[in-house]
1. Show me 48-60, 7-19, 68-80 ranked by packing, highest mean number of other Cβ atoms within 10 Å first.
2. Which whole-number percent is the relative contact order of segment 24-88 (Cα, under 8 Å, 6+ apart)?
3. Using the heavy atoms of the protein chains and a 1.4 angstrom probe, tell me the accessible area per residue for the chain in square angstrom.
4. What is the sum of charges around ARG12, taking Lys and Arg as +1, Asp and Glu as -1, for the other residues whose C-beta is under 15 Å from the C-beta of ARG12?
5. Going by the alpha-carbon gyration tensor, a ≥ b ≥ c the square roots of its eigenvalues, is segment 8-64 rounded (a/c under 1.5) or, if a/c is not under 1.5, prolate (a/b greater than b/c) versus oblate?
6. List the aspartates and glutamates whose Cα sits under 19 Å from the Cα of LYS126, skipping any in the same chain fewer than 8 residues away.
7. Rounded to a whole number, what % of the accessible area of the chain do carbon and sulfur atoms account for, probe 1.4 Å?
8. Report the Cα-based extents of the chain along its three principal axes, largest first, to the nearest Å.
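The values are calculated or read from the model by the stated rules, or taken from the named source; none is laboratory data. This one's a predicted model, so the numbers in the text were calculated from it and none came from an experiment. Don't worry about glycine lacking a Cβ; one is built from the backbone with ideal geometry, like all the others, and counts go over all protein chains shown. Surface accessibility is based on the protein's heavy atoms, side chains included, excluding ligands, DNA and RNA. Shrake-Rupley method; radii C 1.70, N 1.55, O 1.52, S 1.80 Å.
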Amino acid sequence: MRITQETDYALRILDYLSATDKEIVGASVLSEDLNIPVRFALKILRKLNLYGITKANRGVSGGYFLLMKPEDINYKMVVEAIEGEIYINKCLQDRGCCNRRMKKDTCVINKNLRSIQEVLNNELEKYNFGN
């Protein structure tokens, strides 16, 4: 598994919003301060808004702010907001994708990958933005 550039930027945006003294931060400020193309920042912020992590205020003094306390936002939430649900292998998402047509109870590979998936999810849930 590899975290995409989009997810990396989302983590940085949330770190910035968590650490700033400003109540609302404009997309252009985030873009400039974090060296993220503004259109890309807007795309990421739209996904974070849809997931319920951030919200946008429109208008001249508009911008973005956190809807949750930083300590309540974990890395797993961010990855899922940007990438969707996390699956390290397609057979964990959809049993029909198994080209061996094994039952999940008898496939040792599925069992082991499921254990790895659980460790990954737990680790991502451990880290948050509540410095």
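1. On the way: 48-60: 14.3, 7-19: 19.4, 68-80: 17.7.
Descending mean neighbour count gives 7-19, 68-80, 48-60.
2. Values: 61 pairs, mean separation 19.4, N = 65.
Normalised by residue count, the contact order of segment 24-88 is 30 percent.
3. Details: 8650 Å² over 131 residues.
Computed with neighbouring chains in place, this is 66 Å² per residue.
4. On the way: positive: LYS43, LYS47; negative: GLU6, ASP8, ASP15, GLU32, ASP33.
Combined, the nearby Lys, Arg, Asp and Glu give -3.
5. Because its axes are fairly even, with a/c under 1.5, segment 8-64 counts as rounded.
6. Leaving aside aspartates and glutamates fewer than 8 places away in the same chain, those within reach of LYS126 are ASP8, ASP15, GLU71, ASP72, GLU80, GLU83, GLU85, GLU118.
7. On the way: 4090 of 8650 Å².
Carbon-and-sulfur percentage of accessible area, whole number: 47.
8. So the three principal-axis extents are 59, 28, 22 Å.
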